[in-house]
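Values in this text are rule-based calculations from the coordinates and carry no lab data. This structure is a prediction, so every number in the text was calculated from the model and none was measured. Quick reminder, even Gly has a Cβ in these numbers, built from the backbone with ideal geometry, and neighbours come from all protein chains shown.
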Amino acid sequence: MRAVILAAAAGVLAACAGSVTTAASAGPAPQEAQVATPATPVVDDARVVFPASVQQGALVIGKVPAASRVRHAGRDLRVTGYGSVAFGVARDQSGPVHVEVTSRDGRARTIEIEVTPRDWPIERVNGVPGKTVKPPPAIAARIAREQAAVSAARTRDDARTGFAQHFVRPVEGRISGRFGNQRIYNGTPGAAHSGMDIAAPNGTPVKAPASGVVTFADDLYLTGGTILLDHGHGVSSNFLHLSRMDVRVGDVVEQGQVIGAVGATGRATGPHLHWGMNWFDVRVDPLLVLERQ
């Protein structure tokens, strides 16, 4: 009986250990069972990944080792827990831009990214109200106050990660105005266009292109119904000329959620959505953000 018990125990141990070769009675001594040890995954935490070149007006998203310090344009960039960073390249940026990355062990390197120049056609916009092109002093003062409030909302640096989502169009329609093109209103030169205009019928629902928090929602003189949506890390979207605003400051919205409706309020000649994007005070091209996906 004892022999049977020992034989059974040996069988259980062999099954637990894996495949064991049993020696024949006249063969060599049994070899010790070899149990395979799973290989420990090797995580490359030292990678620094940025595009070699970008266009003017691009939103750049890079990858660095977690807990790195990253600086660009005199600013410390916020780094996600998984090592993503973002910054914008201005419309008129010339020459390369530089990113300084210092890993947590103190190793430092500087990344150089080439900037590809773009052509900026002239767009002539006629039929806009004269007071929006050459405003009298009182209205000019109001415009300055309103723009200052919008600029203040763009100084946020939240840890939200909506900026890293695959952005979607807030509304479908023909692109009637492109980012960066020089604008001439009623024959008077104006500033370069700061976003992308999408023609759509009045009242068409406007959806959040990525998740974020509403940091501004008001009716302004030049831009009419205006909403700012902060996507985190200094990246924000603005939606102008809205006929209706369905959100308030502080509301957290998910990608695809309706936030308002297309209109023609403010300085507009017809119903359309002006969708602009910023990295803090740097304007970037929403179309390039869509194409980045």
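Please give the charge dipole size of the stretch 53-116, origin at the Cα centre, charges +1 on K and R Cβ atoms and -1 on D and E Cβ atoms. Round to the nearest 20 debye. Display every interim value, and only then the final one.
On the way: 9 positive and 6 negative charges, 53 e Å.
Approximately 260 debye in magnitude.
Derived scalar couplings between HN and Hα for the stretch 60-69 equal 9, 10, x, 10, 9, x, 4, 6, 6, 9 Hz in order, rounded to whole Hz, by the Karplus curve 6.51 cos²θ - 1.76 cosθ + 1.60 (θ = phi - 60°), x for Gly and Pro. Sorted largest first, the spans of the alpha carbon positions of the stretch 122-291 along the three principal axes are 42, 32, 26 Å. In this structure, the amide hydrogen of Gln56, modeled 1.01 Å from its nitrogen in the peptide plane, lies closer than 5 angstrom to those of Thr116, Arg118, counting only residues at least 5 positions away or on a different chain.
Given 0.36 nm per residue, what is the gain on full extension from Asp119 to Ala52 after removing their alpha carbon distance, in nm? Before the final figure, lay out the partial values.
Working: separation 67, 0.36 × 67 = 24.12 nm, distance 2.05 nm.
Stretched out fully, the Asp119 to Ala52 stretch lengthens by 22.1 nm.
Near the amide H of Val206, within less than 5 Å, lie the amide hydrogens of Ile259, Gly260, Ala261, Val262, all on another chain or at least 5 residues away, with H placed in the peptide plane.
Going highest first, how would you order 55-62, 231-238, 139-146 by mean Cβ packing within 10 Å? Write out the running numbers ahead of the final one.
On the way: 55-62: 21.2, 231-238: 25.5, 139-146: 13.5.
My ranking of the peptides, most packed first, is 231-238, 55-62, 139-146.
In this structure, the amide hydrogen of Leu77, modeled 1.01 Å from its nitrogen in the peptide plane, lies closer than 5 angstrom to those of Val70, Arg71, His72, counting only residues at least 5 positions away or on a different chain. Dipole orientation for the stretch 53-116: of the candidates Ser68, Val85, Gln55, Ser68 has the Cα lying most toward the positive pole (charges on Cβ; Lys, Arg +1; Asp, Glu -1). Over the stretch 53-116, Cα pairs under 8 Å with separation of 6+ residues give a relative contact order of 39 percent. Around the Cα centre of the stretch 188-293, unit charges on the Cβ atoms of Lys, Arg, Asp and Glu (plus for the first two, minus for the last two) sum to a dipole of about 140 debye. Extension gain, Arg292-Arg109: 0.36 nm per intervening residue step, less the Cα-Cα distance, totals 63.3 nm. Distance from the Cα centre of the stretch 195-259 to that of the stretch 122-194, in angstrom? Each part reduced to its Cα centre gives a spacing of 13 Å. Per residue, the average separation of C-alpha pairs within less than 8 Å and at least 6 apart gives the stretch 36-186 a relative contact order of 22 percent.
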